[in-house]
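Reading through the structure tokens given below for one structure.
The values are calculated or read from the model by the stated rules, or taken from the named source; none is laboratory data. Just so you know, these numbers come straight off a predicted model, no measurement behind them. All Cβ positions, glycine included, derive from the backbone under ideal geometry; neighbour counts span all protein chains shown. Ligands, DNA and RNA are excluded from the accessible area calculation, which covers all protein heavy atoms including side chains. Shrake-Rupley method; radii C 1.70, N 1.55, O 1.52, S 1.80 Å.
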Amino acid sequence: MQIREGGPGSLLRLSPGGSPEQSCPKPRHFLKDVIFHGKFQLLKALAPEENTRCRQGLYFQDGERRVDYVLTYSVKKPNTDYSRRSSRLIDNALTRSLRQSLRRGHAHPAQLDPEAAAQDHSPDYHEEDRRLHREEFEGNLRDVGLELERDEDAKTPGVGFLKIHAPWHVLCREAEFMKLKMPTKKVYEVNQGRNLLEKINTFFKKVTEPLQPNVEETRTSNLKHLCYTFSREKKHLFDLSDKDSFFDSKTRSSIVYEVLKRTKCIKAKYSMGITSLLGHGVYTAAYPLHDGDVDGENTELNDRKLLYEEWASYSVFYKYQPIGLIRKYFGDKIGLYFAWLGVYTQMLIPASLVGIIVFLYGCATVDDDIPSMEICDPENNITMCPLCDRACSYWKLSTACATARASHLFDNPATVCFSVFMALWATMFLEHWKRKQMGLNYKWDLTGFEEEEDQPRPEYEFCVMQKRLRKDQKTQKRLPEQAEEPINKWKQMVQTALAGLTLGNKEKLTCRDRCQAYMTNLAMMLLMVSLTFAILFGIILYRISAKVALHMSSNPTTRSNVRLTVLTTSAIINLVAILILDEVYGVVARRLTVLEVPKTDRSFEERLIFKTFILKFVNAFTPIMYIAFIRGRLVGHPGSYLYVFDSYRMEECAHGGCLMELCIQLSITMLGKQLIQNNLFEIGIPKLKKLIRHIKSKRSSFQEEEGGKKLQRYETDHFLEPFAGLAPEYMEMIIQFGFVTLFVASFPLAPLFALLNNIIEIRLDAKKFVAELRRPVAAKAKDIGIWYNILRGIGKVAVILNAFVISFSSDFIPRLVYQYMYSPDGSMHGFVNHTLSYFNISHFQERTKPLEPLYLGYQVDMCRYKDYREPPWSQTPYEVSKEFWAVLAARLAFIIVFQNVVMVMSDVVDWLIPDIPKDISAQIQKEKVLMVEMFMKEEQRKLQVLDIWSLHRNDKDPCKNCRPRPRPCPRPGPAHTTQRLPPAHLSTHSTE
């Protein structure tokens, strides 16, 4: 039965029975006739406030059923009925060809599936086919109990909206299938310890009370609901007095999403769920709705608005995050990310303070540093060898005074202590996060949660189907060869059916099937890494060429600042290359992961994360590692320099070492990535995409035509940016964690800049999630997954790299060796002269001699260069000296000692700090005991009810308590002999 109401502006609605309906939402008061499970039902007229509420798009047109999920699709009205008839003819033709191909066994993948034909841009695939798939899919959704309502006359032209509502019985059924933990009626008191640590925590909470956000979830309470896996048989355990709020909006949307994922569409062959339908264009988007608006005077208070005011606003940057409300609105997975980000940011505070102290120590002791004083002494007339061939001339060591003093700010004894501290800091951070994570698991009732295996991805199922068809094709080719033998046709048919069933159940992709994809992945990964090295090599050539060109300048200011100019410009060019390659590597990593065809979404995400991390890590840290470990090591010596392409001389470090240059490169790369990539891109790109979508949909002109009518909630959310996952957010912080820990010996202020960035980053991410992105589907998770292993690996590598940086990039070890082995008075006087070797300028090759030998105003016979080599008057001129081997041995010994000491200290810290806090462990045990007690009381209550019922029944019919007396049985013997009955008091009676 069809009910037609209203004019052309009415909404088309799908009833659970499957027939299309129309309702007129324009009048303020109206009656609706609907068909519900074949029954005619009259709905009451909407009140004005209910009509206003449903107009916001959060409810169906009846104003009672809440919209739990929205599917969008493109709407194209055909001009004639000819396209429908032709589409059906084409569909029938495709069906017949599919059957013939399956019989022959040589079907092409594009012919097996209309969606595959659509991907190949086949002209035979029309919008009518997508409509048929939608009708079938929506019919299946109604069959499982979901209620649908369609809106094709919205204010967004060309877009149709399908609103989905999950009724109470569907929510209960799916919650039981998904094993959701829900709060029971049982409430217990959380024990507050009385030891010293608990008192300190209580005092700390009182002190930090002004920093807490003004939300209900942050108010501490000693009462906690006992949670249990939802079961329809045990509904009496749960408080179902308010069914509308028992399942919140986050849980309702996740339940509907699970139904959408597993609902099959037969016409879209070999595809399952909404994922494949979205990939084939049957639907254009799928998303749950936000709770409401975030701005406006008349905006009702909701969780989204509360998050916008207490979390996404820059005015509350000093407050803690409302993690409980974040988890309530976005789910466990996003809640864990922001909890981890908050812990990481808090742990950066002590690291920043120690880094500032180390930097201030360098500033305070720079005037007392003897090597810097010797370099800056104008009376110390030391002539240095040219820094480049021909264009460069001899120079005075005193001109490197500024570089030497700046190097001392980061190259001092406090740097070693800071490196040890940061290694222990990384361990303490990971241990603190594990304890915090366990506390959240207990608070969010995730202690017993185990992630189940995901369903196979549609791409994986399609590849398995192709493999099955290839095997069928080979089998069918062998059948004509065996046709001469007499075969029982019935037996053959049964065996074929059983074989097909077994194949369908056990068929899977093996390493042999993925061998080509693995080889392609390996080749592409090597190619991308080679691209990074090629760009680095190009920047090295730029530095060498620019240095020569600037030395040939006639401007004395330019010639005096050659090193700083070249280093800064090359670092900026390198930053631009890193930003571009980061975007390229993200796309390449996703394409390579798709090529591997992982079985589940979890496997896909882990492989994508691994590839992306490898590429972006190499891209960000390759230039820094070059400066730290390669630059200045492969130079040679005057008269025998090492050249690239026979014309580019390898770069040398400044006299103060490469640590200053490493600091400049690290600071520009770190700050540039944070300011440009992490902040500007996160603000600008979503707004730009949103503007493009507005322009494409002609929203502005349409709003003018509508006279300022407000869009519905599902239309407003349609213009928001789709949620792309947490991998980009984690990746930014992981790379930053690498900057903070890996080369912190060269840049003690890295934790401070990371802290300032994260304070802004938290609010940026909050505003993006609340106001710029569509609401993501709530996902359950008990930890941060593979990211913890990556963090732990970076922490281990940081110890080794910092040891190498201190040993080879700074002058810390040479100074110790000189002070304790070669200094005549045990001081640092004479250290600079000790590290400089002599070179006779007559040994210069003709093509390397400076063009201006009298640049300093006098004739130079001997020049000095930084290295440990024999003088030209020795028996082995220019060979490495014994001092070189002594310093090298000290450097290697320091690496071994530093690495082992720090590793042992980290293991001790890991051992001393338990992963699970004692109070949390005690509360978990208490919950188990309370759960057992609750079920024992439940069983006792059932027995009491049963006893009362039995007694009540016996009181009504007391005769049922007695058994009938047995009649006397005659014994064989004389006539008239009977058997005596036992006394009445000895007869047996039933007590039940």
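Below is a table of values for the structure above.
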{"read-out": "Selection status of residue 813, part of a helix (DSSP H, G or I) and surrounded by fewer than 18 Cβ atoms within 10 Å (Cβ to Cβ)", "value": "no"}
{"read-out": "Helices (runs of 4 or more DSSP H) lying entirely in region 719-810 (those with 2 or more residues that are on the phi > 0 side of the Ramachandran plot and among the small types (Gly, Ala, Ser))", "value": "none"}
{"read-out": "Total residues in region 551-563, condition open to solvent by 60 Å² or more (accessible area, probe 1.4 Å) and either more than 43 Å from the chain's Cα centre (by Cα) or without any contact (Cβ under 8 Å) to a residue 12 or more places away in the chain (or both)", "value": "7"}
{"read-out": "Pairs where the first residue, in region 234-255, is among the hydrophobic types (A, V, I, L, M, F, W, C) and the second is open to solvent by 70 Å² or more (accessible area, probe 1.4 Å), C-beta under 7 Å, 6+ apart", "value": "237/185; 238/185"}
{"read-out": "Options 622, 612, 600: the member that is at pLDDT below 85 and hydroxyl-bearing (Ser, Thr, Tyr)", "value": "600"}
{"read-out": "Matching residues in region 283-299 - criterion: being modelled with pLDDT under 85 and over 19 Å from residue 252 (Cβ atoms)", "value": "293, 294, 295, 296, 297, 298, 299"}
{"read-out": "Residue identified as under 29 Å from residue 66 (Cβ atoms) and either at pLDDT 90 or above or open to solvent by 30 Å² or more (accessible area, probe 1.4 Å) (or both) among 753, 702, 739, 719", "value": "702"}
{"read-out": "Members of region 309-323 that are free of Cβ contacts under 8 Å to residues at least 12 places away in the same chain and of a type in the set (Phe, Trp, Tyr)", "value": "none"}
{"read-out": "Any hit, region 655-663, residues being in contact with a Gly (Cβ under 6 Å, 6 or more places away or on another chain), open to solvent by 20 Å² or more (accessible area, probe 1.4 Å), assigned to a loop (DSSP other than H, G, I, E, B) and under 30 Å from residue 372 (Cβ atoms)", "value": "no"}
{"read-out": "Residue that is small (Gly, Ala, Ser) and open to solvent by 10 Å² or more (accessible area, probe 1.4 Å), where the choices are 331, 355, 324, 362", "value": "324"}
{"read-out": "Candidates 784, 806, filtered to the one that is farther than 27 Å from residue 418 by Cβ and touching a helix residue (DSSP H, G or I) at 6+ places or on another chain (Cβ under 6 Å)", "value": "784"}
{"read-out": "Those residues of region 900-941 which are polar (S, T, N, Q) and open to solvent by 80 Å² or more (accessible area, probe 1.4 Å), in sequence order", "value": "900, 925, 940"}
{"read-out": "Conditions (1) open to solvent by 30 Å² or more (accessible area, probe 1.4 Å); (2) small (Gly, Ala, Ser); (3) within 20 Å of residue 780 (Cβ to Cβ); number of the one not met by residue 315", "value": "(3)"}
{"read-out": "Single unsatisfied condition, residue 338 versus (1) aromatic (Phe, Trp, Tyr); (2) within 30 Å of residue 456 (Cα to Cα); (3) in contact with a Leu (Cβ under 6 Å, 6 or more places away or on another chain)", "value": "(3)"}
{"read-out": "Residues being open to solvent by 40 Å² or more (accessible area, probe 1.4 Å) and of a type in the set (Ser, Thr, Tyr) - total across region 289-312", "value": "1"}
{"read-out": "Pairs, first free of Cβ contacts under 8 Å to residues at least 24 places away in the same chain and within 18 Å of residue 231 (Cα to Cα) in region 923-940, second open to solvent by 50 Å² or more (accessible area, probe 1.4 Å) and part of a helix (DSSP H, G or I), C-beta under 8 Å, six or more apart", "value": "none"}
{"read-out": "Looking only at region 834-865, and only at residues there that are open to solvent by 70 Å² or more (accessible area, probe 1.4 Å) and aromatic (Phe, Trp, Tyr), the one that is farthest from the chain's Cα centre (by Cα)", "value": "858"}
{"read-out": "Strands (runs of 3 or more DSSP E) lying entirely in region 137-199 (those with 3 or more residues that are modelled with pLDDT under 85 and either out of contact with any helix residue (DSSP H, G or I) (no Cβ under 8 Å at 6 or more places or on another chain) or not basic (Lys, Arg) (or both))", "value": "181-189"}
{"read-out": "Hey, residue 507 modelled with pLDDT under 80 and within 47 Å of the chain's Cα centre (by Cα) or not", "value": "yes"}
{"read-out": "Meets criteria (at pLDDT below 75, more than 26 Å from residue 150 (Cβ to Cβ) and in contact with a Ser or Thr (Cβ under 7 Å, 6 or more places away or on another chain)) for residue 654", "value": "yes"}
{"read-out": "Every residue from region 587-604 that is under 18 Å from residue 465 (Cβ atoms) and open to solvent by 30 Å² or more (accessible area, probe 1.4 Å)", "value": "594, 595, 599"}
{"read-out": "Region 534-548: number of residues that are in contact (Cβ under 8 Å) with a residue 12 or more places away in the chain and open to solvent by 40 Å² or more (accessible area, probe 1.4 Å)", "value": "4"}
{"read-out": "Any hit, region 773-784, residues being farther than 30 Å from residue 255 by Cβ, in contact with a strand residue (DSSP E or B) (Cβ under 7 Å, 6 or more places away or on another chain) and surrounded by 18 or more Cβ atoms within 10 Å (Cβ to Cβ)", "value": "no"}
{"read-out": "Contacts under 8 angstrom Cβ, first residue in region 617-640 being part of a strand (DSSP E or B), partner open to solvent by less than 10 Å² (accessible area, probe 1.4 Å) and aromatic (Phe, Trp, Tyr), 6 or more apart", "value": "637/839"}
{"read-out": "Any hit, region 922-935, residues being among the hydrophobic types (A, V, I, L, M, F, W, C) and within 30 Å of residue 809 (Cβ to Cβ)", "value": "no"}
{"read-out": "Whichever residue in region 508-547 is in a helix (DSSP H, G or I) and of a type in the set (Val, Ile, Thr) and, among such residues, is nearest to residue 613 (Cα to Cα)", "value": "529"}
{"read-out": "Filter result for residue 682 (in a helix (DSSP H, G or I), within 21 Å of residue 545 (Cα to Cα), in contact with a helix residue (DSSP H, G or I) (Cβ under 7 Å, 6 or more places away or on another chain) and at pLDDT below 85)", "value": "no"}
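Conditions (1) of a type in the set (D, E, K, R); (2) surrounded by fewer than 19 Cβ atoms within 10 Å (Cβ to Cβ), marked per residue:
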site: 367; (1), (2): yes, yes
site: 382; (1), (2): no, yes
site: 392; (1), (2): no, no
site: 406; (1), (2): no, no
site: 413; (1), (2): no, yes
site: 427; (1), (2): no, no
site: 436; (1), (2): yes, yes
site: 439; (1), (2): no, yes
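Here's the yes/no breakdown for (1) at pLDDT 70 or above; (2) under 30 Å from residue 234 (Cβ atoms); (3) small (Gly, Ala, Ser); (4) assigned to a helix (DSSP H, G or I):
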{"site": "915", "(1), (2), (3), (4)": "yes, no, no, no"}
{"site": "921", "(1), (2), (3), (4)": "yes, yes, yes, yes"}
{"site": "925", "(1), (2), (3), (4)": "yes, yes, no, yes"}
{"site": "965", "(1), (2), (3), (4)": "no, no, no, no"}
{"site": "979", "(1), (2), (3), (4)": "no, no, no, no"}
